[in-house]
Amino acid sequence: MINQPKAPFTLPQLPYAQNALEPHMSANTFSFHYGKHHNAYVTNLNKMVEGTDLAEKSLEEIIKITAGDLSKAGIFNNAAQVYNHSFFWHSMKPNGGGGPTGKIAEKINESFGSFEKFKEEFKTAAATQFGSGWAWLVLDNGSLKIEKTSNADTPVARGKKAILTIDVWEHAYYLDFQNRRPDYIDTFLNNLVNWEFAEKCLI
């Protein structure tokens, strides 16, 4: 579950086995990225909201309530990273990638002119996000748009609907691709992206 209803929050089960995305993303990467990084965000968030009013709020509500509040930056960062990572796992699948079909394909063509134009803009956003962050396909006022966010920031904080994301923090790809972020982005689009999940998010 991506938007968990209230604390204590849990590390959600992956939608596939940790070795299911090999050779494109290794089980070794998942052992660190999912088993350590994602798990640490869950643990930290639970400690931070325990005994507060936020413990009764959903993950998305916590993100929206704490966004922009410097006194609650730690809560926001951990809540947003729990959400972002959960969304990222679902944005991929075994034997994924390639071109979309159905409603998501129609919406991409309507919003970007062509799938190739979408790929070009998405790859540029992901490659040019300086330092740690994310590249997103979002639904905003009825149109699909691409944006990038720094560190833990997420479109959810601004009321936009996430459709697809790629994690470009170094821990997402360094064990498999070292400093070759563009190769990681190409692999995501060509071999991993889960268009069925993206289409469900349109609804």
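Summary table below
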read-out: Cα lying deepest toward the dipole's positive end in the chain, options S150, A80, L21, charges on Cβ; value: A80
read-out: Using alpha-carbon coordinates, inclination of helix 39-49 to the longest axis of the chain, degrees; value: 40
read-out: Candidates per GluC sites (Glu not before Pro) in region 41-120, loop by DSSP, up to 16 other Cβ within 10 Å; value: E50
read-out: Ratio of the Cα radius of gyration of region 1-89 to 2.2 N^0.38 Å, where N counts its residues; value: 1.13
read-out: Listed residues K36, K148, K107, most fluctuating in the chain (Gaussian network, C-alpha, under 10 Å); value: K36
read-out: Among D186, D53, D176: highest mean-square fluctuation, GNM of the chain, C-alpha pairs under 10 Å; value: D53
read-out: Residues L139, L45, L59 arranged by fewest to most Cβ contacts within 10 Å; value: L139, L59, L45
read-out: Nearest 10 degrees, 0 to 90: helix 115-128 Cα axis against the chain principal axis; value: 50
read-out: Cα gyration tensor, region 71-182 - rounded (a/c under 1.5), prolate or oblate; value: oblate
read-out: N151-K200 pseudo-label distance in nm [points 7 Å out on the Cα-to-Cβ vector]; value: 3.2
read-out: Ascending count of other beta-carbon atoms within 10 Å, so fewest first, for F118, F177; value: F177, F118
read-out: Neighbour-count ranking [beta-carbon atoms within 10 angstrom, fewest first] of D183, D153; value: D183, D153
read-out: Between 0 and 90°, nearest 10: helix 102-112 axis offset from the chain longest Cα axis; value: 90
read-out: Option label - P(r) over Cα pairs in 10 Å bins from 0, in percent computed here, alternatives (i) 9, 36, 37, 16, 2; (ii) 8, 37, 40, 13, 1; (iii) 8, 33, 31, 19, 8, 1; value: (i)
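Values quoted throughout were computed directly from the atomic coordinates according to the rules given, and no laboratory measurement underlies them. Given the structure is predicted, the values throughout are model-derived calculations rather than measurements. Heads up, the Cβs are rebuilt from the backbone with ideal geometry, glycines too, and the neighbour counts pull from every protein chain shown.
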